[in-house]
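Scroll down for the structure; my scribbles are underneath it.
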Amino acid sequence: MRKKIFGGETSKTMKKALITGITGQDGAYLAKLLLDKGYRVYGTYRRLSTPNFWRLQYLDIFEKVNLIPADLIDTASIVEAIEISQPDELYHLAAQSFVGTSFEQPIGTGEITGLGVTRILEAIRELNPKIKFYQASSSELYGRGNSRSQNENTPFCPASPYAIAKLYGYWITRIYRQGYGIFACNGILFNHESPLRGLEFVTRKISNSVAKIALGLQKELRLGNLEAKRDWGYAPEYVESMYLMLQKDKPDDYVIATNETHSVREFLEEAFKIVNLNWKKYVKVDKLLYRPLDVERLRGDYAKAKKELGWEPKVKFKELVKIMVEEDLNRWQRWLKGERFPWDAINYPDEHKILSRQYRLDR
Ligand code: NAP
Ligand code: G4F
């Protein structure tokens, strides 16, 4: 892997970016965007027993990015990643990003998603305070607050170990900006989805299951809280806002959203409509999939991003559902015909085989 790092000359004018979490949904899309803009792109990945580069392969950029092993709990590896890549811009996307898991692993989530941000900011302060820094903040910060829509001035009310870790990340980013003059921005991104979304998140769980049910590969779909409402946008558009924030003259924080809110139930209806099936025949609500606390409703007001970054969403709810269901349908059809390609769904276990603390308590 290291061979790739030293494999190419960097011209003096070529901008360099380091992306933590390049193997994730946003990391992959952002890497593609920056490569298209002429950046030399470095990305950190975790050593796993089985490599996890399918998203980079899917976007056909695996050979174009430079990979550096690093873990957010290991400061030395972060320092090394910065020393090797010497970035102009650092996009910090790596995190334990699943809210459900944060209830199972609250301490690990705090370490990785919260303290991990300080490890990176400290490394920047020590090594090169001129590096521009993007922090992947989240609409989960607003949690169970009662505003009808949320903007940069709305009070936070986090409702999960994930959200409180992100709140820490948000504030430490502001503290390094104000205290040390580091160019550090928070992108407060509302939920954004795509065919590269992880299978545990509700949108992709639905699109993948709908495709399998339509093809006779799955009988039912078990879900938790259908009444939760989210502001869902399209991930490739959202990563563009990250880039735009780091091109400004001054660092600031921005809400990125669509200003629409839809329930999980509405997502289901739309998704099953695409394959001409009635969702009620296939979906079972499973109390075991409810979270100890859930965020009821999110809707983001992106007026500041529109005014100052010139950013606005183009893909809205119905089109997003269509993109996701059609792509999962297409993948399963190709797979059944014998085609082989980089993909996550084929190795994903049935959720009933995953025994969590919640399952044990209820049984
Ligand atoms: P994702 O697909 O889950 O990707 C997370 C990335 O973090 C993966 O590359 C993962 O590596 C890496 N990672 C996890 N633990 C790590 C550790 N201990 N050390 C180093 N790397 C680690 O998440 P995403 O949807 O792209 O989201 C990107 C960021 O935006 C996250 O910080 C997330 O919390 C935040 N965010 C996401 C949304 C959204 O709707 N997508 C909204 C707001 C904020 P592996 O591939 O090895 O697991
Ligand atoms: O898809 P979700 O797991 O996403 P959630 O919790 O909103 O978090 C995502 O968005 C955040 C931004 O607001 C990010 F910061 C975070 O990293 C992540 O990307 O769940 C959405 C809703 C929840 O209310 C959940 O209770 O769907 C509900 N839901 C109902 N049944 C389910 C299920 N969620 C999942 N994952 N699985 C279910 O079976």
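The values are calculated or read from the model by the stated rules, or taken from the named source; none is laboratory data. Nothing here was measured: the structure is a model prediction, and the numbers come from that model. In this analysis, Cβ positions are derived from the backbone assuming ideal geometry, glycine residues included, and neighbour counts consider all displayed protein chains. For the accessible areas, the whole protein counts, side chains as well, though only heavy atoms, and no ligand, DNA or RNA atoms are used. Shrake-Rupley method; radii C 1.70, N 1.55, O 1.52, S 1.80 Å.
Answer yes if at least one residue in region 164-186 is open to solvent by 10 Å² or more (accessible area, probe 1.4 Å), of a type in the set (D, E, K, R), farther than 24 Å from residue 17 by Cβ and over 22 Å from the mean Cα position of the chain (by Cα), and no otherwise. No, there is no match, as no residue in region 164-186 is open to solvent by 10 Å² or more (accessible area, probe 1.4 Å), of a type in the set (D, E, K, R), farther than 24 Å from residue 17 by Cβ and over 22 Å from the mean Cα position of the chain (by Cα). Among the residues of region 79-105, the ones that are more than 15 Å from ligand 2 (Cβ to nearest atom) and at negative phi come to 12 in all.
From the list 60, 88, 71, pick out the single residue that is open to solvent by 40 Å² or more (accessible area, probe 1.4 Å), charged (D, E, K, R), touching a strand residue (DSSP E or B) at 6+ places or on another chain (Cβ under 7 Å) and at pLDDT 95 or above.
Details: 60 fails: touching a strand residue (DSSP E or B) at 6+ places or on another chain (Cβ under 7 Å); 71 fails: touching a strand residue (DSSP E or B) at 6+ places or on another chain (Cβ under 7 Å).
Residue meeting the stated conditions: 88.
Within region 256-266, identify whether any single residue is open to solvent by less than 50 Å² (accessible area, probe 1.4 Å), modelled with pLDDT of 95 or more and touching a Cys at 6+ places or on another chain (Cβ under 8 Å), and answer yes or no. No; the residues of region 256-266 include none that is open to solvent by less than 50 Å² (accessible area, probe 1.4 Å), modelled with pLDDT of 95 or more and touching a Cys at 6+ places or on another chain (Cβ under 8 Å). If the condition is being among the acidic types (Asp, Glu) and more than 12 Å from ligand 2 (Cβ to nearest atom), then region 256-277 contributes 260, 269, 270. Those helices (runs of 4 or more DSSP H) of region 42-142 in which at least 3 residues are over 28 Å from residue 302 (Cα atoms) and charged (D, E, K, R), considering only elements entirely within it, cover 116-127. Of all residues in region 287-308 being at pLDDT below 95 and open to solvent by less than 60 Å² (accessible area, probe 1.4 Å), which is nearest to residue 149 (Cα to Cα)? The qualifying residue nearest to residue 149 (Cα to Cα) is 289.
Per-residue answers, yes or no, for (1) under 27 Å from residue 125 (Cα atoms); (2) among the hydrophobic types (A, V, I, L, M, F, W, C); (3) away from ligand 1 (no atom under 13 Å from the Cβ):
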site	(1), (2), (3)
25	no, no, no
29	no, no, no
41	yes, yes, yes
45	yes, no, no
50	no, no, no
77	yes, no, no
84	yes, yes, yes
89	yes, no, yes
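So, residue 204, is that one closer than 22 Å to residue 112 by Cβ, crowded, with 19+ Cβ neighbours inside 10 Å and within 21 Å of the chain's Cα centre (by Cα) or not? So residue 204 passes the test.
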